[in-house]
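Read through the structure below, which is laid out as structure tokens, and then see the notes.
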Amino acid sequence: MIRLLVGLGNPGKKYEKTRHNVGFMVVDEVVRRLRLQKPSEECLSLLYKATVEGKELLLAKPQTYMNNSGLAVVNLLEEYDLEPQEMLVVYDDLDLPLGRLRLRQEGSSGGHHGMESIIRELKTDKLPRLKVGIGRPADKNKVVEYVLSPFSDQEVPLLGRVLRRAGDCLLRCVEFGLEESMNFCNAQV
């Protein structure tokens with residue numbers, strides 16, 4: 001059962017609307033839907049608490065910067081006595097085009113530094129994750145610049161649909177579990 005949703009991103013206004021912060025954006029979408037109030041600051045994260053379908057749910061946005069996301073995740077799991085399999089991490093993925101989501105129960109980091117940090121700190125890659133496609137830049141030498149740039153005006157309408165679908169997916173995972181949510185979550189937006 002999923003009891004913790006963790007969106008990956010970088011704190012601060014500078015990064016707020018960047019591609020690398022799509023994990024934060026998805027958590028914000030769920031927070032908006034659940035009409036949650038101001039988060040607490042604990043476990044190196046902004047933390048929201050909710051009840052969904054009678055189940056307690058935590059929603060976290062680590063404030064450690066992407067490359068140290070694992071520090072916040074370890075704190076959250078220890079503080080709330082959770083196992084990695086009770087958490088669902090949502091983050092950006094360069095290998096998926098914008099408009100694609102991919103729900104997985106385990107796997108490597110795929111080169112994503114936030115996931116590398118989490119896997120390193122937890123010493124396991126057996127943790128659920130929702131990857132949100134952001135596509136790749138045409139110039140492979142400009143990946144850092146690309147992920148730290150905002151979505152273009154042309155991409156914003158599709159991004160809105162992606163965030164809504166990703167929010168649906170997360171809530172569905174909480175309510176019905178990962179197995180029951182796979183087909184729904186992995187469909188094209």
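Please treat every number below as a calculation from the coordinates, not as lab data. Bear in mind the structure is a predicted one, so any value in this text is a computation, not a measurement. For neighbour counting, all protein chains shown are included, and Cβ atoms are generated from backbone atoms with ideal geometry for every residue, glycine included.
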*Pull up the DSSP beta bridges for the chain and report the antiparallel fraction as a percent, rounded to 5.*
55
*asked:* Taking the beta-carbon count within 10 Å as an exposure proxy, list LYS140, LYS17 from fewest neighbours to most.
replied: LYS140, LYS17
*For the chain, set up a Gaussian network in which alpha carbons nearer than 10 Å are linked by springs, and say which option among ARG164, ARG35, ARG104 fluctuates the most.*
ARG35
*By per-residue mean of other Cβ atoms within 10 Å, what is the highest-first order of 82-91, 180-189, 4-13?*
4-13, 82-91, 180-189
_Computed lengthening from LYS55 to LYS14, 0.36 nm per intervening residue step minus Cα-Cα distance_ = 11.3 nm
*Ranking of LEU44, LEU170 by count of other Cβ atoms within 10 Å, fewest first*: LEU44, LEU170
*If the limit is 28 Å between Cα atoms, which of LYS14/LYS131; LYS49/LYS140; LYS38/LYS142; LYS14/LYS140 go over it?*
LYS49/LYS140; LYS38/LYS142
*Assuming 1.306 mPa s and 10 °C, estimate D for the chain with Stokes-Einstein, Rh taken as the Kirkwood radius over Cα pairs, in µm²/s.*
98
*So what does log10 I(q)/I(0) come out to for region 122-174 at q = 0.19 Å⁻¹, using the Debye formula with one equal point on every Cα and no solvent?*
-0.86
*asked:* Tell me which DSSP H helices of the chain clear both cut-offs, 18 Å or more of axial length from alpha-carbon atoms and a mean Kyte-Doolittle hydropathy of at least -1.0.
replied: 156-176
*Compute the relative contact order of region 10-139 as a whole-number percentage, counting only Cα pairs closer than 8 Å that sit 6 or more residues apart in sequence.*
25
